[in-house]
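Peer 1: Okay, handing you the structure first.
The values are calculated or read from the model by the stated rules, or taken from the named source; none is laboratory data. Because the structure is a prediction, the values reported are computed rather than measured. Here the Cβ is made from the backbone with ideal geometry for all residues, glycine too, and neighbour counts use every protein chain on show. Heads up: the accessible areas ignore ligands, DNA and RNA and are worked out on the full protein's heavy atoms, side chains in. Shrake-Rupley method; radii C 1.70, N 1.55, O 1.52, S 1.80 Å.
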Amino acid sequence: MLKQRFLTGIILAPLVLAAIFLLPSTGFLLFIGGVIALGAWEWARMSGLTSVVGQISFSVVLVTILAGLYWMLPPSILPLLLGGLILGWLLAFLLVVSYPNSSVYWKPIAVRLAMGCWVLGTFWLSLVLLESMNVNLTSTDHALTFRGASVLSILLIIWSADTGAYFSGKALGKRKLAPKVSPGKSWEGVVGGLIASGVTATLLHYSLGSTLKIADTGLLLVILAVLFITALSVLGDLFESMFKRQSGFKDSSQLLPGHGGILDRIDSLTAAVPVFVICLWASV
């Protein structure tokens, strides 16, 4: 398993980094579209669509709708639309804390598919807004694009939070966070993850603050925003875990040997990235 994880990481990491830092605007959005398509296929499987045709059809329809929104919606409306979609995480929180009783409300396949459209659609729109900001804010002579600095920052925040949560949970974890959803997570792990992400936020503020256009934003405000984003990333993780548990899936798929599926890799990001992007948009 460790060998598979390592080999997959060695192949995948350069591809992801190249997409983030090297692709032009259209190429980056097409790359994200591919990720969304694969994630939609996985979501369809977990929703109970057993037909391969049905799974692929759901993926194609969702990507087509999102592409249509991209072409039809004026960029000025994206922040408002994204802000409204983010509020859906309040309902997701209620579903997670009341699981398994809440599962009665989203048992039908159609409801599960609609949940997938919301999760993946919100994630997609946040990255469309990020790329729109990237085009407007990155000068041609800038060594690091706004997109590159932004995506690198949120990845470092989530990775540091995951690392802090793992080690603090392993060493100190006693109080279960959500035993009916994800028995391995503890409150001590959450605290460790928050501390780690707070330290990362401080380092990013001083190293990439000017590129992210947050150099004039107070450090305390940046740390508070990052702590909130980190807490949301935990909710994103729990939300997918709840969905997988109800559907009887250990992993969303086996597309990434040793790592599970696409959704297993981006579950935290689906909740964290939209709020992260809105915070960046509000700061410029």
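Peer 1: Projecting each Cα onto the charge dipole of the chain (Lys/Arg +1, Asp/Glu -1 at the beta carbon, about the Cα centre), which of 127, 41, 228 comes out farthest on the positive side?
Peer 2: Positive-end residue among those listed: 41.
Peer 1: Quick one: with all protein chains in place, what share of the accessible area of the chain is carbon or sulfur, to the nearest percent (1.4 Å probe)?
Peer 2: That fraction is 73 percent.
Peer 1: I'd like the distance separating the alpha-carbon centroids of region 1-74 and region 93-110, in whole Å.
Peer 2: For region 1-74 versus region 93-110, the Cα centre distance is 26 Å.
Peer 1: On to the next question. Roughly how many whole Å is it from the C-alpha centroid of region 224-243 to that of region 151-181?
Peer 2: Region 224-243 and region 151-181 have Cα centres spaced 10 Å from each other.
Peer 1: Next question. Placing +1 at every Lys and Arg Cβ and -1 at every Asp and Glu Cβ, with all other atoms neutral, what dipole size does the chain have around its Cα centre, in debye to the nearest 20?
Peer 2: 900
Peer 1: What nm distance separates the two modelled labels at residue 228 and residue 80, each placed 7 Å from Cα along Cα→Cβ?
Peer 2: 2.1
Peer 1: Does region 90-217 come out rounded, prolate or oblate by the C-alpha gyration tensor, with a ≥ b ≥ c the root eigenvalues, rounded set by a/c under 1.5 and, if not, prolate when a/b is larger than b/c and oblate if not?
Peer 2: Note, shape of region 90-217 comes out oblate.
Peer 1: Related question: How much net charge surrounds residue 102 when only other residues with a Cβ under 14 Å from its Cβ are counted (Lys, Arg +1; Asp, Glu -1)?
Peer 2: +4
Peer 1: What number of lysine-lysine pairs in the chain show an alpha-carbon separation below 18 angstrom, given a sequence spacing of 8 or more or placement on distinct chains?
Peer 2: 9
Peer 1: Keeping all protein chains in position, work out how much accessible area residue 284 exposes to a 1.4 Å probe, and write it in Å² to the nearest 10.
Peer 2: Here the accessible area works out near 90 Å².
Peer 1: With the Cα gyration tensor of region 158-252 giving a ≥ b ≥ c as the square roots of its eigenvalues, does the rule (a/c under 1.5 for rounded; else a/b larger than b/c for prolate; else oblate) give rounded, prolate or oblate?
Peer 2: It is prolate, given that a/c is not under 1.5 and a/b is the larger ratio.
Peer 1: Any idea what the relative contact order of the chain is, in percent, if you count C-alpha pairs under 8 Å spaced at least 6 apart?
Peer 2: 24
Peer 1: Related question: Using the Kyte-Doolittle scale, which helices in the chain average at least -1.0 and also have C-alpha atoms spread 24 Å or more along the helix axis, with helices defined as whole DSSP H runs?
Peer 2: The answer, listed by residue number, is 2-21, 25-47, 52-72, 109-137, 146-172, 187-207, 219-247, 262-283.
Peer 1: Using a Gaussian network model on the chain with a 10 Å cutoff between Cα atoms, which of 273, 104, 63 fluctuates the most?
Peer 2: Largest GNM mean-square fluctuation: 104.
Peer 1: Taking H as built 1.01 Å from N, whose amide H comes closer than 5 Å to the amide H of residue 178, not counting residues under 5 places away?
Peer 2: For residue 178, the qualifying residues are 185.
Peer 1: Does region 5-63 come out rounded, prolate or oblate, given a ≥ b ≥ c as the square roots of the eigenvalues of its C-alpha gyration tensor, rounded meaning a/c under 1.5 and, failing that, prolate meaning a/b above b/c?
Peer 2: Oblate.
Peer 1: Above 30 angstrom, tally the Cα pairs of the chain and express them as a % of all pairs, no decimals.
Peer 2: Of all Cα-Cα pairs in the chain, 29 percent lie more than 30 Å apart.
Peer 1: At most 16 other Cβ atoms within 10 Å and a DSSP loop assignment: could you name the chymotrypsin sites (Phe, Trp or Tyr not before Pro) in region 96-155 that fit?
Peer 2: Sites meeting the loop and neighbour criteria: none at all.
Peer 1: Follow-up question, since we're still on this one. Calculate the tail of P(r) for region 11-115: the fraction of all Cα-Cα distances greater than 18 Å, expressed in %.
Peer 2: Summing the P(r) of region 11-115 above 18 Å gives 64 percent of all pairs.
Peer 1: With labels modelled as points extended 7 Å from the Cα through the Cβ direction, what inter-label distance (nm, one decimal) is found for residue 210 paired with residue 156?
Peer 2: So the label points at residue 210 and residue 156 sit 1.6 nm apart.
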